[in-house]
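Shown next, in structure tokens, is the structure this report addresses.
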Amino acid sequence: MTEDLEALYKEMAQSIIDGESEIAIELAKKSIELNMHPLETITKGFVIGVNYIGDQFGAGEAFLPELVMAGEAMKAAVAVLEPELLKLGEAREMMGKVVLATVEGDIHEIGKTLVGTMLSASGFEVVDLGVDQPAANIIGKALEINADIIGMSALLTTTMVRQREVIEELDKEGLRPRIKVMVGGAPITRDWVTKIKADGYSEDAIGAVKIAKELVGKADQ
Ligand code: B1M
């Protein structure tokens, strides 16, 4: 990495740590002018900042207002980069339909939205229900649009159990394997995925696209 690029990534991270949405937006725009890869801008720049604040918060060294401001700045930067992320994909055959949501009780949306954008860029039709979504909404929408995949994000150890509830409900209704289930979010581990019998898991947005393709039998596209 050149020194200039490294300095720019550091500025990006710092704008999130400081909760400076305007600066984050300007830096995101600058990255577009410089033709930087939008996903790398997010993962090597902005995400470093939000993870830092998350760790500080976890250690009791940052407080809720700082977490909120960092979240807002992160959201603002990702929104600027979203059209660029979508441009990464090319027009191609429809890969499948995905209903995406953050589970009930959980309002973390940044990672889920990023996953949705990358899936859309890769040819999936994505219905993003947003955050805090009860099982009935998620399953109801999946049936309504005849979805191939339900994708659920959970960022809290207290809400990840909601992923299991949705899977159990799908099993009860005899809707699997017709509807595949993909899960993700910071606290999700492979052990958890095995335990709840989800069909797929990824720790990031690029991996989520790969798994979604596998789940619809189009891994080679
Ligand atoms: Co919250 N929060 N938060 N928070 N927050 C965490 C998750 C936490 C780990 C921070 C910490 O303590 N270190 C902690 C959870 C602890 C735990 O459960 N063990 C925590 C807490 C405690 C809380 C509150 C309870 C705080 C409080 O009120 N006292 C509260 C809960 C509110 C609620 O949901 N009911 C809360 C609130 C918030 C804000 C609203 C302030 C804000 C969110 C803003 C928003 O989304 N609009 C926020 C933020 C920003 C965070 C951290 C700092 C960053 C999350 C983020 O956006 N990361 C987070 C710490 C951390 O995770 N390091 C933290 C960037 C994003 C790109 O990554 O979401 O992981 P991520 O998504 C990745 C992958 O996980 C994966 O791909 C994405 C892209 O690479 N992925 C999937 C995600 N979903 C996927 C789905 C898939 C596949 C892959 O398939 C379907």
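Laboratory data are not the source of any read-out in this text; all were calculated from the coordinates shown. For clarity, every value in this text was computed on a predicted model and none was experimentally measured. Here Cβ is always computed from backbone atoms with ideal geometry, including for glycine, and neighbour counts include all displayed protein chains.
Brief remarks follow.
- Taking label positions 7 Å along the Cα-Cβ direction at both His37 and Thr2, the computed distance is 1.7 nm, reported to one decimal.
- Dipole in debye (nearest 20) - segment 96-215, about Cα centre, beta carbon charges: Lys, Arg +1; Asp, Glu -1: 320 debye
- Here is the list for segment 54-94: trypsin sites (Lys or Arg not before Pro) lying in DSSP coil, each with at most 10 other C-beta atoms within 10 angstrom of its C-beta, are Arg92.
- Mean ellipticity per residue at 222 nm, deg cm²/dmol - from DSSP H runs of n ≥ 4 across the chain, formula -39500 (n - 2.57): -17000 deg cm²/dmol
- With θ taken as phi - 60° and the Karplus curve 6.51 cos²θ - 1.76 cosθ + 1.60 applied, the whole-hertz 3J(HN,Hα) list for segment 25-37 is 4, 4, 5, 5, 5, 4, 4, 5, 4, 7, 6, 6, 5 Hz, x standing for glycine and proline.
- Column: log10 I(q)/I(0), Debye, Cα scatterers of segment 96-215, q = 0.09, 0.11, 0.18, 0.21 Å⁻¹: -0.18, -0.28, -0.81, -1.16
- Label-to-label distance, Glu26 versus Glu144, with points set 7 angstrom from Cα along the beta-carbon direction: 4.2 nm.
- Once backbone amide H atoms are built at 1.01 Å from N, Val181 has Ile150, Asp199, Gly200 as its partners under 5 Å, excluding neighbours fewer than 5 places away on the same chain.
- Cβ charges +1 (Lys, Arg) and -1 (Asp, Glu), total dipole of the chain, debye: 940 debye
- Cα-centre dipole for segment 11-138 with unit charges at Cβ (Lys and Arg positive, Asp and Glu negative), debye to 20: 400 debye
- Separation of the alpha carbons by more than 24 angstrom is noted, of Lys10/Lys210; Lys30/Lys75; Lys172/Lys197, for Lys10/Lys210.
- In this label model, Ala136 and Ile107 are separated by 2.2 nm, measuring between points 7 Å along each Cα→Cβ vector.
- The phi torsions of segment 172-188, fed into the Karplus equation with coefficients 6.51, -1.76 and 1.60 and a -60° offset, translate into couplings of 4, 7, x, 8, 10, x, 4, 9, 7, 10, 10, 10, x, x, 3, x, 7 Hz, rounded to whole numbers, with Gly and Pro shown as x.
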